[in-house]
Amino acid sequence: MSATDPHMDDFTLLRDQLASGNVTLVAVSKIQPIQKIQRLYELGQRDFGENYVQELVEKAAILPADIRWHFIGHLQSNKVKQVLPACYMIQGVDSLRLLKEIDKQAGKAGKKITCLLQVFIAREETKFGLDEEELALIMQQQQSFTNVSIGGLMGMASFSDDGEKVGTEFARLKQLFDLYRERFSGEQAPVLSMGMSGDYQLAIQNGSNMVRIGSLLFGARQNKS
Ligand SMILES: *Cc1c(COP(=O)(O)O)cnc(C)c1O
């Protein structure tokens with residue numbers, strides 16, 4: 001890859017734009033080769049997102065230790081133990097059962113881990129996520145988790161060109177975020193993780209302070225074979 005790779009120019013532009021709005025960029029590097037990740041690292045990027053456990057673990061072992069690896073998307077309970085040591089944040093906790101398992105495994109590992117609760121907001125598709133009652137129930141039990149910090153919320157909008165619909169979904173997540181804002185904890189300020197390559201601008205307009213962007217930075221992904 002050369003320094004004039006168009007995606008790398010996109011990266012510095014996007015990074016500066018997001019930084020000026022205090023929005024954290026998580027570069028979603030799933031299925032991307034080590035060299036491309038290394039290149040962004042050299043340009044100063046530290047937050048990377050992966051959503052296959054094995055891949056995250058393998059990349060974390062090779063790449064610099066100061067990378068903050070975010071596990072994004074659905075995590076199976078039986079993979080928690082494996083992913084925890086390399087993980088900075090788990091984005092996408094979509095059940096109480098999973099949160100309990102993370103708490104238990106983090107305790108065994110002597111680690112405290114920040115998690116975001118994934119809320120179901122997409123009206124169009126079935127996606128993983130808590131509904132509002134489940135979210136309320138978890139927030140009620142928050143004190144019972146000793147090794148997990150609930151750092152905020154995460155959500156994915158419908159894959160749709162209908163900006164009004166997508167905006168409405170993001171606005172709903174922002175409302176819920178505001179409702180619980182005072183109760184989120186963790187190393188950093190409360191996190192509202194919403195927005196991907198196709199909809200991050202709408203997400204930011206609706207109050208996102210963390211975006212997860214893959215294809216816009218790295219180009220289209222090859223299918224995992
Ligand atoms: C793949 C993925 C992204 C990034 O998607 P792009 O459209 O490539 O930006 C963001 N969030 C989650 C949960 C993902 O799985």
For ILE204: the one exception among (1) among the β-branched types (Val, Ile, Thr); (2) over 13 Å from the mean Cα position of the chain (by Cα); (3) within 12 Å of the ligand (Cβ to nearest atom): (3)
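Quick grid of which residues meet (1) free of Cβ contacts under 8 Å to residues at least 24 places away in the same chain; (2) within 16 Å of the ligand (Cβ to nearest atom):
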| position | (1), (2) |
| --- | --- |
| PHE177 | no, no |
| GLN188 | no, no |
| VAL191 | no, yes |
| SER197 | yes, yes |
| TYR200 | yes, yes |
| ASN209 | no, yes |
| PHE218 | no, yes |
ASN147 passes all but one of (1) under 22 Å from GLN76 (Cα atoms); (2) touching a His at 6+ places or on another chain (Cβ under 7 Å); which number fails? (2)
Quick one: count up the residues across region 72-86 that are in contact with a Lys or Arg (Cβ under 9 Å, 6 or more places away or on another chain) and modelled with pLDDT of 95 or more. 7
Take GLY73 and decide whether it is touching a residue at least 60 places away in the same chain (Cβ under 8 Å), of a type in the set (Gly, Ala, Ser) and either in contact with a Cys (Cβ under 6 Å, 6 or more places away or on another chain) or within 15 Å of the ligand (Cβ to nearest atom) (or both). no
Among (1) without any contact (Cβ under 8 Å) to a residue 60 or more places away in the chain; (2) crowded, with 18+ Cβ neighbours inside 10 Å; (3) closer than 30 Å to GLU101 by Cα, there is one condition ILE62 misses while meeting the rest; what is its number? (2)
Unique match (being touching a Pro at 6+ places or on another chain (Cβ under 7 Å) and either farther than 19 Å from SER29 by Cβ or hydrophobic (A, V, I, L, M, F, W, C) (or both)) among PHE184, PHE218: PHE184
Among the listed residues GLU50, GLU42, which satisfies the condition of being under 21 Å from GLY155 (Cα atoms) and acidic (Asp, Glu)? GLU50
Residue in region 91-104 that is more than 15 Å from the ligand (Cβ to nearest atom), at pLDDT 95 or above and β-branched (Val, Ile, Thr) present: yes
Per the filter on region 15-24, residues in contact (Cβ under 8 Å) with a residue 12 or more places away in the chain and over 15 Å from GLN205 (Cα atoms) are ARG15
Answer yes if at least one residue in region 109-131 is surrounded by fewer than 17 Cβ atoms within 10 Å (Cβ to Cβ), without any contact (Cβ under 8 Å) to a residue 24 or more places away in the chain, more than 16 Å from the ligand (Cβ to nearest atom) and not in a loop (DSSP other than H, G, I, E, B), and no otherwise. no
Please enumerate the residues belonging to region 76-129 that are of a type in the set (Phe, Trp, Tyr) and within 13 Å of the chain's Cα centre (by Cα). TYR88
Here is a list: ASN51, ASN22. Which entry is closer than 20 Å to SER208 by Cβ and surrounded by fewer than 14 Cβ atoms within 10 Å (Cβ to Cβ)? ASN22
The lone exception for ARG68 - which of (1) more than 23 Å from GLY107 (Cα to Cα); (2) exposed (fewer than 15 other Cβ atoms within 10 Å of the Cβ); (3) of a type in the set (D, E, K, R) it fails: (1)
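Given the options GLY151, GLY207, GLY155, GLY198, name the one that is on the phi < 0 side of the Ramachandran plot, surrounded by fewer than 18 Cβ atoms within 10 Å (Cβ to Cβ) and not hydrophobic (A, V, I, L, M, F, W, C).
It is GLY198.
The values are calculated or read from the model by the stated rules, or taken from the named source; none is laboratory data. Just so we're clear, the structure is a prediction, and the values are computed from it rather than from any experiment. Quick reminder, even Gly has a Cβ in these numbers, built from the backbone with ideal geometry, and neighbours come from all protein chains shown.
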